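The values are calculated or read from the model by the stated rules, or taken from the named source; none is laboratory data. As the structure is a computational prediction, the values presented were derived from the model and not from experiment. Neighbour counts are summed over all protein chains in view; Cβ atoms, including those assigned to glycine, are modelled from backbone coordinates with ideal geometry.
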Amino acid sequence: MPATDTTALKQQAGAFAADLVQSGMSIGLGTGSTAIHATRRIAQRLTSGELRNIRAIPTSRATEAAAIELRIPLVSFADCQRIDITIDGADEIDPALNLIKGGGGALLREKIVAQSTDRFVIVVDESKLSPRLGSLFAVPVEVVEFGWQSQARFLQSLGANVIMRRNGGEIYRTDQGNLILDCDFGPIGDAQELASELNARAGLVEHGLFISLAQQVVVAGNTGIRILPAQQ
């Protein structure tokens, strides 16, 4: 699929999800190339007066900077106990709406926001749909710098091919100053079990497996927009 077509699909998905936001809501603003289209659409609705009295929590410094530029009112968790709706992207989605996220490096903040949200909506183009997590994308794992080699060996023991994420020639650092190990497990047999193993390991700050968090996925494809609920 040409890059221009992919961009158009991302715009369609983001705009559709942004129109789910209603006046008076608290919203989570996702990170990434699809979620930013939702953020821009929300800003357009605010400017036109169609949308009023919202407050937003961004999932990364990059999204925060974009929201400030777009004049979207921001708050922190000190002022917001629950989020009505969060619109975010994903790197891979399985049929049960489990996700791999973190390609943009914001997985920790994204998961904090997702777990504090009543309605977690994912926006993607159809290339992100997968029969099994790990088929298309490695699992990002955020680790503290101290002892990261030990964490890499642990992840390798679970079957991953581990690569330290870099930005150009420099080691990539998250908004929290941590490192990311991109872990290619191949197709994952039991994503929930793997998530539990990662959750139990000291030094692993967070991982990109988002299990049973998404309520809806907005998919833009060549035939238009479709909404995926979790399979029962």
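Could you tell me whether segment 99-118 includes any residue that is of a type outside the set (Asp, Glu), more than 22 Å from Asn178 (Cα to Cα), surrounded by fewer than 23 Cβ atoms within 10 Å (Cβ to Cβ) and out of contact with any strand residue (DSSP E or B) (no Cβ under 9 Å at 6 or more places or on another chain)? Checking segment 99-118: not a single residue is of a type outside the set (Asp, Glu), more than 22 Å from Asn178 (Cα to Cα), surrounded by fewer than 23 Cβ atoms within 10 Å (Cβ to Cβ) and out of contact with any strand residue (DSSP E or B) (no Cβ under 9 Å at 6 or more places or on another chain). For Leu97, the requirement of being out of contact with any helix residue (DSSP H, G or I) (no Cβ under 8 Å at 6 or more places or on another chain), modelled with pLDDT of 95 or more, of a type in the set (A, V, I, L, M, F, W, C) and on the phi > 0 side of the Ramachandran plot is met.
Count of segment 85-98 residues, restricted to those that are within 17 Å of Ala38 (Cα to Cα), of a type outside the set (A, V, I, L, M) and surrounded by fewer than 24 Cβ atoms within 10 Å (Cβ to Cβ), is 1. In segment 61-73, the residue that is nearest to Ile27 (Cα to Cα) out of those that are more than 19 Å from the chain's Cα centre (by Cα) and surrounded by fewer than 16 Cβ atoms within 10 Å (Cβ to Cβ) is Pro73.
Being of a type in the set (S, T, N, Q) and surrounded by 17 or more Cβ atoms within 10 Å (Cβ to Cβ): is that true of Gln156 here? Considered against the rule, which asks whether it is of a type in the set (S, T, N, Q) and surrounded by 17 or more Cβ atoms within 10 Å (Cβ to Cβ), Gln156 comes out as no.
I'd like to verify a number: residues in segment 18-60 that are in contact (Cβ under 8 Å) with a residue 60 or more places away in the chain, out of contact with any Asp or Glu (no Cβ under 9 Å at 6 or more places or on another chain) and either in a helix (DSSP H, G or I) or surrounded by fewer than 14 Cβ atoms within 10 Å (Cβ to Cβ) (or both), how many? Result for segment 18-60: 2.
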